[in-house]
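Engineer: Pasting a structure here, questions to come.
Laboratory data are not the source of any read-out in this text; all were calculated from the coordinates shown. All figures in this text were calculated on a predicted structure; none of them were measured in a lab. All Cβ positions, glycine included, derive from the backbone under ideal geometry; neighbour counts span all protein chains shown.
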């Protein structure tokens, strides 16, 4: 009934099964990483999948996991599954060279389910969400739906990427693993920008005019792919290019099409370059 927007409570027994289902559904999204990417920290260790399989009769998620339930108020996603690597670090210290957990997000109609799992359980930190969503697992009390701030299309990418998690421990941060979300420094080559991809081996190009647009507060997004075969959704903002998602070409094409905003096609001596001008609500 939550999928259709009908309010109601969810008890502890149901919460256990729902949290397990979210993890079971989100983990395959991480299988897009190649063996080479896994050696660099992308993807998940095989033990995650074995551990979840061992719990299949228990109908509960892996330990060191936390889940929330909320309302999706956007229009671009009827059904969607996301996973994003996370790090746990003390403020002011360098970021670890490997992720220590991952965020999971499932959208079904008006229902959004969000979770975090620490692959290094000793680093588990209790977190809340910026939207103040009710906790689904571990259950503290029956959760009422809907509650907390809804997640709209403008906020969805940051939410699903783990940017809205808030640590309850002072001086400890839980945040997206930068190598998977923040691309290395790019440089201008003629009328194009040469952008290193997340694999660390290849480059993609986009018109340098998008940088000028971003400096004026007009942000754009586009889909691209490197020679590894991995596709990326890139968003150009004032502080540079940000990788919003990495997946198959088909999945990134679908995500790009679902973005709000008007598509424009830039034409120069290199050919045609389609991209989307994002609405103001997505630009801040």
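Engineer: As a footprinting exposure proxy, order 21, 137 by other Cβ within 10 Å, with the fewest listed first.
Structural biologist: Details: 21 14, 137 24.
Starting with the residue having the fewest Cβ neighbours, the order is 21, 137.
Engineer: Here's another thing I want to ask about it. Note the full-extension length gain between residue 79 and residue 49 as 0.36 nm times their separation in residues minus their Cα-Cα distance, in nm to one decimal. Display every interim value, and only then the final one.
Structural biologist: Values: separation 30, 0.36 × 30 = 10.80 nm, distance 2.26 nm.
Gain in length upon complete extension: 8.5 nm.
Engineer: Using only DSSP helix segments of four residues or longer, with each worth -39500 (n - 2.57), what per-residue ellipticity at 222 nm results for the chain after dividing by its residue count and rounding to 500? Intermediate results must be reported in sequence, preceding the final value.
Structural biologist: Values: 7 runs with 58 residues, N = 284.
Helix-only estimate at 222 nm: -5500 deg cm²/dmol.
Engineer: How far, in degrees from 0 to 90, does helix 12-26 lean away from the longest principal axis of the Cα atoms of the chain, to the nearest 10?
Structural biologist: 30 degrees
Engineer: When DSSP assigns beta bridges and you keep just the ones with both residues in the range 2-179, what percent turn out antiparallel, to the nearest 5?
Structural biologist: Numbers: 36 of 37 bridges.
In the range 2-179, approximately 95 percent of DSSP beta bridges are antiparallel ones.
Engineer: Which distance in nm do the two modelled labels at residue 205 and residue 264 give, with both placed 7 Å along the Cα-to-Cβ direction?
Structural biologist: Computed distance between label sites residue 205 and residue 264 equals 2.1 nm.
Engineer: I need to check one value: relative contact order of the chain, counting alpha carbon pairs closer than 8 Å and at least 6 residues apart, in percent. List each step's numbers first, then the result.
Structural biologist: Working: 582 pairs, mean separation 45.0, N = 284.
Here the relative contact order equals 16 percent.
Engineer: Stretch residue 239-residue 98 to full length: gain in nm at 0.36 nm per residue minus the Cα-Cα span? Write out the running numbers ahead of the final one.
Structural biologist: On the way: separation 141, 0.36 × 141 = 50.76 nm, distance 2.38 nm.
Extra length available between residue 239 and residue 98 comes to 48.4 nm.
Engineer: Among 217, 271, 229, which one shows the biggest mean-square fluctuation in a GNM of the chain, springs joining Cα atoms closer than 10 Å?
Structural biologist: Result: 271 has the largest fluctuation of those listed.
Engineer: So if the hydrodynamic radius of the chain is defined as the Kirkwood radius over C-alpha pairs, what does Stokes-Einstein give as its diffusion coefficient at 25 °C and 0.890 mPa s, in µm² per second? Intermediate values should be presented prior to the final figure.
Structural biologist: Values: Rh = 19.7 Å.
Rounded to a whole number, D works out at 124 µm²/s.
Engineer: Taking the chain as the reference, fit the longest principal axis to its C-alpha atoms, fit the long axis of helix 249-258 to the helix C-alpha atoms, and give the angle between the two in degrees, 0 to 90, nearest 10.
Structural biologist: Relative to the chain, helix 249-258 is tipped by roughly 90 degrees.
Engineer: Write down the Å³ per residue value for the convex hull defined by the alpha carbon atoms of the range 128-198. Provide the component values of the computation, followed by the final result.
Structural biologist: On the way: hull volume 9.1 nm³, N = 71.
Convex hull volume per residue, Cα atoms: 129 Å³.
Engineer: Under 19 Å from a point 7 Å along the Cα-to-Cβ line of residue 147: which residues of the range 73-107 have their amide N that close?
Structural biologist: Counting backbone N atoms under 19 Å from the label point, the list is 73.
Engineer: Taking the Cα centre of each part, how many Å lie between the range 101-163 and the range 230-284?
Structural biologist: The range 101-163 and the range 230-284 have Cα centres separated by 25 Å.
Engineer: So between residue 3 and residue 249, what do we pick up on full extension, going 0.36 nm a residue minus the alpha carbon distance? Before the final figure, lay out each step's value.
Structural biologist: Details: separation 246, 0.36 × 246 = 88.56 nm, distance 2.78 nm.
Full extension of this stretch gives 85.8 nm more.
Engineer: Report the FRET efficiency, 1/(1 + (r/R0)^6), for residue 132 and residue 189, where r is their Cβ-Cβ distance and R0 is 35 Å, rounded to 0.05. Walk me through the intermediate numbers first.
Structural biologist: Details: r = 45 Å, r/R0 = 1.30.
Once rounded, the FRET efficiency stands at 0.15.
Engineer: Along each principal axis of its Cα atoms, how long is the range 182-282 end to end? Whole angstroms, biggest number first, please.
Structural biologist: Projected onto the principal axes, the Cα atoms of the range 182-282 cover 32, 31, 26 Å.
Engineer: Next up: Ordered by packing density, taken as the mean number of other Cβ atoms within 10 Å over each peptide's residues, highest first, how do 204-216, 100-112 rank? Could you put the intermediate results ahead of the total?
Structural biologist: On the way: 204-216: 16.4, 100-112: 22.4.
Ranked from most to least packed, the peptides come out as 100-112, 204-216.
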